[in-house]
Amino acid sequence: MTKKIYRHGGDFFRYGEVIDFSANLNPLGMPDSVKKAVINSVGLWEKYPDPFCTELVGKISEREKINPENIVCGNGADDLIFRIVHALRPKKALIAVPCFSEYEKALSESRGTVTEYFLSEENNFDYSHDFADMAGGHDMVFICNPNNPTGRVINPEISGYIAEKCENKKTILVCDESFIDFVEGAEKFSVKNFFGKSVIIIKSFTKIFAMAGLRLGYAIFGDSEIAEKVRNTGQYWSVSTPAQIAGLTALNEEKYISETVEYVSRERDFLESELDILGVDYIKSHANFILFRSFPNLQKKMLGKNILIRDCGDYHGLGENFYRTAVRTHDENKILTKALREIYNNG
């Protein structure tokens, strides 16, 4: 029997009753309005969902100020990553590591050649002009903004340079902005500021609205013909009725997003100050999670205290003993830091 391998955060099923810091979801939880809308929609679940997510796409169009034909909804950001790759079948692709592993998985499944550019720890794993200079000669380039697992946003000067290089070379630039709604001043960091025909931006409801179990994401395309190719790839009913209703309701929650950004920023500062006191090396984050380096078997020791953090040993481009923790509620964050103090003080 083939062994099942889980390579992401959120694997709390295996560990039972734990506080899950391994999954980077909104610590404020799913908005009550979304929960109520999903519950009240149960009478529609006996019917097939709209395969084109017409109403949801219309509302996303208003929010993003982009034509509906340039928008494709999917069963989470992950679904869209695979559909984009399978629709366009790039022969040569470039990714910067460390990054979300599903980019490489999707590209490998489509039998493309993947080139990895190793981001420098000395430079906080930030993207550079050198990465952009490699874009030529590739059919597709993946970037993540802010990056997972580092939490770093891309300097707009660099992301603009990457977008320009890709546009000039007719290279498809796929930017995963699943976590950008957690960033203070997100608009100025978005690759949307450099939107062109070669650009695809992936967004996620899963993270900012804590809808991991419902699964919902969307992509906006600079080229409507590319959007149509992706729309016609993959399963026909990719977004369930409750997910569509959840998305429609969530798009009304602008205040919830601003409250989240303020809350996460404050709690991230708290966690980073606690890591400073302990003398833990970490990468200063702009997102709702923090990458840090510790000693071997820290995940196992934290599990002994019913806390699950993400062991990042399977990320390409990271050295040994890197871990990632989500920013949770203040009470949960105090539990995390208390456990870390106990482990560090006891050796």
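Coordinate-derived values only; no laboratory data. It should be emphasised that the depicted structure is a prediction, and the values quoted were computed from it without experimental measurement. In this analysis, Cβ positions are derived from the backbone assuming ideal geometry, glycine residues included, and neighbour counts consider all displayed protein chains.
For residue 89, neighbours were defined as the other residues whose beta-carbon sits under 13 Å from its Cβ, and their charges (Lys and Arg +1, Asp and Glu -1) total +3.
What the Cα atoms of the chain give is an Rg and a Dmax of 19.9, 60 Å.
Taking the chain as a Gaussian network of alpha-carbon nodes connected by springs under 10 Å, the highest mean-square fluctuation of the residues 296, 98, 90 belongs to 296. Think of it as helices only: each DSSP H run of n ≥ 4 in the chain is worth -39500 (n - 2.57), and spread over all residues that comes to -11500 deg cm²/dmol at 222 nm.
When each of 341, 324, 293 is scored by the number of other beta-carbon atoms lying within 10 Å, the sequence from fewest to most is 341, 293, 324. Measuring between their Cα centroids, the stretch 25-39 and the stretch 191-229 lie 21 Å from each other. Going by neighbour counts of Cβ atoms within 10 Å, the residues 225, 102 line up, fewest first, as 225, 102. Exposure proxy shown here: for 268, 89, the number of other Cβ atoms within 10 Å sets the order, fewest to most, as 89, 268. Cysteines of the chain lacking any other cysteine Cβ under 4.7 Å from their own Cβ: 99, 144, 166, 175, 312.
Sites listed here are GluC sites (Glu not before Pro) in the stretch 290-347 whose DSSP assignment is loop and whose Cβ has at most 10 other Cβ atoms within 10 Å: 320. The trypsin sites (Lys or Arg not before Pro) of the stretch 68-173 that DSSP puts in a loop, and whose beta carbon has at most 14 other beta carbons within 10 Å, are 91, 111, 170. Between exposed chymotrypsin sites (Phe, Trp or Tyr not before Pro) in the chain, where DSSP calls loop and at most 16 other Cβ atoms lie within 10 Å, what's the longest gap? Longest gap between qualifying sites, sites excluded: 53-235.
Remark: the stretch 196-258 projects, on average over all directions, an area of 5.1 nm² (convex hull of Cα atoms).
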